[in-house]
Structures are given as C-alpha cells and as structure tokens.
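Participant: First, the structure itself, so that you have it in front of you.
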C-alpha cells in the first residue's frame with residue numbers, strides 16, 4: 001500500500017525544514033532564539049521642546065462704540081435705468097433695461 005499524497009508532502013516539508021536547520025547550525029545559528037526580557041518604563045522626554053521667544057502683537061485698538069461692529073446697510077438699487085432681471089439660459093441672469101427687451105426675452109423663452 002502506498003502513502004497518501006498529503007502524508008508524502010508533509011514528510012517532504014519536514015525533511016526540507018530539517019535540512020535548512022542543519023545548514024543554519026553549520027553557519028553558527030541555533031534554532032532556539034534567545035528571548036529578551038522587556039522592561040516597560042514610563043516615557044520621560046530627554047529635554048523640553050525648543051520654543052523661540054515670540055513677539056507679542058497687540059490687538060486692534062477700538063474706541064468701544066457699537067457702530068464699529070454694526071451691520072452695514074443693505075445695498076439696494078434705487079435708480080431707474082434697469083427695469084428688472086431676466087433669465088437667458090438656465091440660471092444666467094441678465095439686466096433688462098427697456099420694456100421692448102423684456103418682450104424679446106419672453107418670446108425667446110416661449111418661442
């Protein structure tokens with residue numbers, strides 16, 4: 001009765017490992033590695049980080065009145081040249097300056 005393929009491969013692996021071990025021992029290496037005992041201690045930095053002297057810059061001097069931080073007036077068009085805002089294509093807003101142009105825009109959009 002012959003040996004199974006699995007047993008044969010396992011035997012070949014064991015023989016290859018033994019051969020490799022013999023070669024290592026011939027070169028002066030041993031199979032058993034020496035384990036070092038690990039000493040865990042708290043980390044203490046050698047010295048503090050270097051930080052150069054920094055210049056101190058003062059803040060902006062304010063008079064303290066509430067008008068300095070007040071909300072600016074809203075900007076609103078008060079003239080009479082522009083009649084409105086039209087849309088040419090998608091969200092492309094254009095100023096409309098005369099009523100005839102308004103009609104032309106409406107015809108272009110509606111065909």
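Please treat every number below as a calculation from the coordinates, not as lab data. None of the values given here were measured: they were computed from a predicted structure. Because the Cβ atoms are built from the backbone with ideal geometry, glycine has one as well, and the counts that use them run over all protein chains shown.
Participant: Among the residues of region 88-101, is there at least one that is surrounded by 10 or more Cβ atoms within 10 Å (Cβ to Cβ), in a helix (DSSP H, G or I) and touching a strand residue (DSSP E or B) at 6+ places or on another chain (Cβ under 8 Å)?
Facilitator: Taking every residue of region 88-101 in turn, at least one turns out to be surrounded by 10 or more Cβ atoms within 10 Å (Cβ to Cβ), in a helix (DSSP H, G or I) and touching a strand residue (DSSP E or B) at 6+ places or on another chain (Cβ under 8 Å).
Participant: From the list 61, 55, 35, 46, pick out the single residue that is out of contact with any helix residue (DSSP H, G or I) (no Cβ under 6 Å at 6 or more places or on another chain), closer than 30 Å to residue 18 by Cβ and either in contact (Cβ under 8 Å) with a residue 24 or more places away in the chain or not in a helix (DSSP H, G or I) (or both).
Facilitator: 35
Participant: Of the residues that make up region 29-42, is at least one surrounded by 10 or more Cβ atoms within 10 Å (Cβ to Cβ) and over 30 Å from residue 108 (Cα atoms)?
Facilitator: First, the residues of region 29-42 that are surrounded by 10 or more Cβ atoms within 10 Å (Cβ to Cβ): 29.
Remaining after also requiring over 30 Å from residue 108 (Cα atoms): 29.
Yes: region 29-42 contains one or more residues that are surrounded by 10 or more Cβ atoms within 10 Å (Cβ to Cβ) and over 30 Å from residue 108 (Cα atoms).
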